Amino acid sequence: MSTLHDIPDPEGFLPGIEISWWGWVLLGMLCALIPCILIRFLSSRSDPDPFDDCSFSDSRVALKQFLPHLKDLSLAEVSANVSLILRDYLAKTFKDQALYETHEEFILRSNALQDLPHGARARLLPLLSTLANAKYTPSRIDPAACERIIEDSLEILQGLESTRKRSIA
């Protein structure tokens with residue numbers, strides 16, 4: 001009556017699907033690919049541009065560096081450098097292509113400085129025109145005119161910075 005039976009093979013009682021070797025390879029590749037995609041996606045978030053925070057202060061410092069040397073510099077030299085500093089600020093801060101254009105191309109471009117408020121544009125465009133005229137006129141040393149250009153540029157730069165949209169983290 002009580003006879004002992006041998007333990008049956010459990011393979012028949014276990015549910016499952018047999019996966020071939022290439023299936024395991026694909027599963028391993030997928031498991032490795034998902035973290036890579038997540039890391040790339042999370043690290044590619046738009047971080048604030050490092051130039052945004054320092055372009056204003058760099059431009060101010062660059063403009064103020066001319067003040068002690070005005071008696072040695074011509075109006076054309078000062079105007080060319082001030083124009084370059086302002087256009088560099090516009091390119092870095094407002095992503096405008098003014099740095100790479102002539103004054104005529106800049107004035108004729110209909111979308112020039114469209115991100116700026118009307119008042120800021122109304123003050124900046126005459127200054128850029130004054131700088132363009134001074135760059136190409138016969139060169140003379142005029143410390144008072146140079147100082148006025150730098151002071152106007154600093155004032156307009158401060159106004160442009162106050163209108164800039166800030167990204168809050």
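Considering the options 43, 55, 119, tell which one lies farthest towards the positive end of the dipole of the range 18-164, charges being +1 on Lys and Arg and -1 on Asp and Glu at the Cβ, about the Cα centre.
Selected residue: 119.
If the elastic network links every pair of Cα atoms under 10 Å, which of 63, 14, 73 fluctuates the most in the Gaussian network model of the chain?
Residue with maximal mean-square fluctuation among 63, 14, 73: 14.
Show me, for the range 132-138, the HN-Hα J-couplings you get by feeding each phi into the Karplus relation (A = 6.51, B = -1.76, C = 1.60, θ = phi - 60°), rounded to Hz, glycine and proline as x.
5, 5, 5, 5, 10, 8, x
For the chain, find the longest principal axis of its Cα atoms and tell me its angle to the long axis of helix 50-64, 0 to 90°, nearest 10.
That works out to roughly 20 degrees.
What are the ³J(HN,Hα) couplings of the range 97-104, residue after residue, when phi is run through the Karplus curve with 6.51, -1.76, 1.60 and θ = phi - 60°? Round to Hz, x for glycine and proline.
For the range 97-104, the Karplus curve yields 8, 4, 5, 9, 10, 6, 4, 5 Hz.
What is the dipole size for the chain, taken about its Cα centre, with +1 at each Lys and Arg Cβ and -1 at each Asp and Glu Cβ, in debye to the nearest 20?
In debye, rounded to 20, the chain gives about 920.
What are the trypsin sites (Lys or Arg not before Pro) within the range 89-169 that DSSP puts in a loop, where the Cβ has at most 11 other Cβ atoms within 10 Å?
Listed in order of number, the matching sites are 95, 140, 165, 166.
Among (1) 32, 23, 11; (2) 28, 22, 13; (3) 70, 16, 14, which is the computed semi-axes √(5λ) of the Cα gyration tensor in Å?
It is the value labelled (3).
Which one, 108, 83, 131, projects farthest toward the positive side of the charge dipole computed for the range 1-159 from Cβ point charges (K/R +1, D/E -1)?
Of the listed residues, the answer is 131.
Hey, can you grab everything whose amide H is under 5 Å from the amide H of residue 96? Only 5+ residues off in sequence or another chain; H modelled, so Pro and N-termini drop out.
Excluding prolines and chain starts, which carry no amide H, the hits are 91.
To the nearest 10 degrees, how steep is helix 143-163 against the longest Cα principal axis of the chain, on a 0 to 90 scale?
It works out to around 30 degrees.
So what are the ³J(HN,Hα) numbers for the range 21-36, from phi and the Karplus equation (6.51, -1.76, 1.60; θ = phi - 60°), rounded to whole Hz, Gly and Pro as x?
Those phi angles translate into 4, 5, x, 5, 5, 4, 5, x, 5, 5, 5, 7, 6, 4, x, 4 Hz.
Which whole number in µm²/s is D for the range 77-129 by Stokes-Einstein, with the Kirkwood Rh taken over Cα pairs at 37 °C and 0.692 mPa s?
Approximately 292 µm²/s, per Stokes-Einstein.
Every read-out reported here was derived from the displayed coordinates using simple, explicitly stated rules and does not represent laboratory data. Just so it is clear, the model here is predicted, and its values are computed rather than measured. Please note: Cβ atoms are built from the backbone with ideal geometry, for glycine as well, and neighbour counts cover all protein chains shown.
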